[in-house]
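The structure appears below as structure tokens.
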Amino acid sequence: MHIISLGCAKNLIDSEVMGGLAHDSGMTLVENPQNADVVIVNTCGFIQPAKEEALEIILTCAQEKNKRGGNLKLVVAGCLAQRYGKELLGEIPEVDLWIGTGEVGRIAKHLQSLKAPTPRRTAIVSKPDFLMTARHDRILPAGSVTACLKISDGCSNCCTYCAIPSIRGKARSRRPEDILLEAESLAARGVREIILIGQDITAYGRDLKNRPKLSGLLSDLSSISSLRRLRLLYTHPAHITTDVLETMAGHDKICRYIDLPVQHIDDAILIAMNRKVSSTRIREIIRHARSILPDVALRTSIIVGFPGETPKRFERLLDFVREARFDHLGVFIYSREEGTAAAKWPSRISEREKERRRDAIMSEQADISLAVNRSLIGKTQEVLIEEKSDRRGYAFIGRCPRQAPEVDGVTYVKDGNAAIGDFVSCTITGADHYDLYGKMIS
């Protein structure tokens, strides 16, 4: 069996869980899909580009199945299957089984059904309520020194542009003791950095009986002796609190790094998006975070082209990007998603104009990121060595606390004595828009 995982880190964890359950049921996972008799495509279906990528991969797998004369079982899982599985069942006959996000925990049963003499093609789209636990033995990539840990799933924020609540269900948190158990297991497997994720990790615990706090969870995780680094992704500006910031400041293991997706700064747009936070409050949070954590690296994401984003409102957003000077920033072009409140609203913003607005913000941010990175030259950063480098003059690729995997740049490290998984002190000797370059301190 081979699993192709698309989309975000949350989806990757679902793939790792399915891999573990399939392995426990007796199946062998292979790295090359050419050697597999079952291929699972775990899809993203959040925005239009993700849907297009998923369909392209599915059709490529369908072609491979036809080349083999049908001697390949093709399963499509994840967000695209949850949203459109029943519709696509009749459109792509090569797919043997479509399963939604609620079926992750039952993957072994579904794979077993494909072994029937004449298995029936079907789409199983149930309530999206699956929540993994520490009992799910994830299949991690060989030699992983970094891993994500999903502390919650689903979302109850109901932003008007977002289909996640219908795809992933309401917000539901794992119990603290269960999270700690998995974190200890990951550390025992050689993971040096754990990245806490969820749709909104700052809403953690609100649905549990004793309403445990994220700050308490962070303190408990920091006490795991074999764990070296913790990172937070997917916080919400309406929910991040002083106690979380102070806990981050009080524990050296927690990266001074905050992923804070603001999406916009114009108050009319924020209200229309149902973000439950004002422009004034966003600015207060940024100032507060930088006050408590003076060396914090801030990442954000922004949406351009949302219905009602007039030229004046866009200029207000662009001015904010210049003002806030985020360390890292990503821009999404608004995608009209069926089933969301905003999908019904008229918009006069052309796709070409949306692209122009995205490019304007990214151009501005590129200058900011370059200046921020260059300000680090001559300073010391602790770098987690993750792989060997093929860049001339640099032996290793790693990340310092201000760099999250996949979304941010990396740190290239010159020759020195280190192994994968080591933390090394480096003097930063160079920088570009995304990456840093350093030399190990003897």
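Some values worked out for this structure:
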quantity	calculated
Region 433-442, residues that are surrounded by 14 or more Cβ atoms within 10 Å (Cβ to Cβ) and not in a strand (DSSP E or B)	His433, Tyr434, Asp435
When residues of region 18-77 are limited to those that are among the acidic types (Asp, Glu) and in a helix (DSSP H, G or I), the one farthest from Val104 (Cα to Cα)	Glu64
Any hit, region 255-270, residues being part of a loop (DSSP other than H, G, I, E, B) and without any contact (Cβ under 8 Å) to a residue 24 or more places away in the chain	no
Qualifying residue in region 119-138 (condition: touching a residue at least 24 places away in the same chain (Cβ under 8 Å), of a type outside the set (A, V, I, L, M, F, W, C), touching a Cys at 6+ places or on another chain (Cβ under 7 Å) and closer than 20 Å to Ile58 by Cβ)	no
Residue list for region 396-423, restricted to those being surrounded by fewer than 20 Cβ atoms within 10 Å (Cβ to Cβ), in contact with a Phe, Trp or Tyr (Cβ under 9 Å, 6 or more places away or on another chain) and farther than 24 Å from Leu149 by Cβ	Lys414, Asp415, Gly416, Ala418
Listing of helices (runs of 4 or more DSSP H) fully contained in region 89-193 that carry 1 or more residues being closer than 30 Å to Ile271 by Cα	164-168
Residues being touching a Cys at 6+ places or on another chain (Cβ under 9 Å) and polar (S, T, N, Q) - total across region 348-402	2
Matching option when the condition is more than 30 Å from Ala187 (Cβ to Cβ), in contact (Cβ under 8 Å) with a residue 24 or more places away in the chain and not hydroxyl-bearing (Ser, Thr, Tyr), among Gly438, Gly398, Gly378, Gly421	Gly378
Every residue from region 309-330 that is part of a strand (DSSP E or B) and of a type in the set (A, V, I, L, M)	Leu329
Residue satisfying condition, being within 22 Å of Ala360 (Cα to Cα), of a type in the set (A, V, I, L, M) and buried (at least 21 other Cβ atoms within 10 Å of the Cβ), within set Ile333, Ile269	Ile269
Verdict on Leu149 being modelled with pLDDT under 95, touching a strand residue (DSSP E or B) at 6+ places or on another chain (Cβ under 6 Å) and not small (Gly, Ala, Ser)	no
Count of region 139-148 residues which are without any contact (Cβ under 8 Å) to a residue 60 or more places away in the chain and crowded, with 19+ Cβ neighbours inside 10 Å	1
Residue within region 94-105 that is among the hydrophobic types (A, V, I, L, M, F, W, C) and in contact with a Cys (Cβ under 9 Å, 6 or more places away or on another chain) present	yes
Exclusive hit being assigned to a loop (DSSP other than H, G, I, E, B), more than 30 Å from Pro165 (Cβ to Cβ) and of a type in the set (Asp, Glu), set Asp367, Asp390, Asp408	Asp390
Residue match in region 65-73 (condition: in contact (Cβ under 8 Å) with a residue 24 or more places away in the chain, touching a His at 6+ places or on another chain (Cβ under 8 Å) and among the charged types (D, E, K, R))	no
Number of positions in region 256-312 that are among the hydrophobic types (A, V, I, L, M, F, W, C) and in contact with a Gly (Cβ under 8 Å, 6 or more places away or on another chain)	4
Residues satisfying the stated conditions in region 177-207, i.e. under 16 Å from His236 (Cα atoms) and touching a Gly at 6+ places or on another chain (Cβ under 9 Å)	Gly198, Gln199, Tyr204, Gly205
Single match in Arg374, Arg402 (criterion: under 22 Å from Ile258 (Cβ atoms), charged (D, E, K, R), out of contact with any Asp or Glu (no Cβ under 7 Å at 6 or more places or on another chain) and modelled with pLDDT of 95 or more)	Arg374
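Results for (1) at pLDDT below 95; (2) in the same structural domain as Lys10 (by TED's automatic domain parsing); (3) more than 21 Å from His136 (Cα to Cα); (4) out of contact with any His (no Cβ under 6 Å at 6 or more places or on another chain), shown as yes or no for each residue.
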residue: Arg189; (1), (2), (3), (4): yes, no, no, yes
residue: Glu193; (1), (2), (3), (4): no, no, no, yes
residue: Gly198; (1), (2), (3), (4): no, no, no, yes
residue: Gly216; (1), (2), (3), (4): no, no, yes, yes
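So that you can scan it fast, the table gives a plain yes or no per residue for (1) assigned by TED's automatic domain parsing to the domain that holds Glu87; (2) in contact (Cβ under 8 Å) with a residue 40 or more places away in the chain; (3) in contact with a His (Cβ under 7 Å, 6 or more places away or on another chain); (4) surrounded by 17 or more Cβ atoms within 10 Å (Cβ to Cβ):
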site	(1), (2), (3), (4)
Ile303	no, yes, yes, yes
Gly308	no, yes, no, yes
Phe314	no, yes, no, yes
Leu317	no, yes, yes, yes
Lys344	no, no, no, no
Ser350	no, no, no, no
Lys354	no, yes, no, yes
Ser369	no, yes, yes, yes
Tyr394	no, yes, no, yes
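The values are calculated or read from the model by the stated rules, or taken from the named source; none is laboratory data. Just so it is clear, the model here is predicted, and its values are computed rather than measured. Neighbour counts are summed over all protein chains in view; Cβ atoms, including those assigned to glycine, are modelled from backbone coordinates with ideal geometry.
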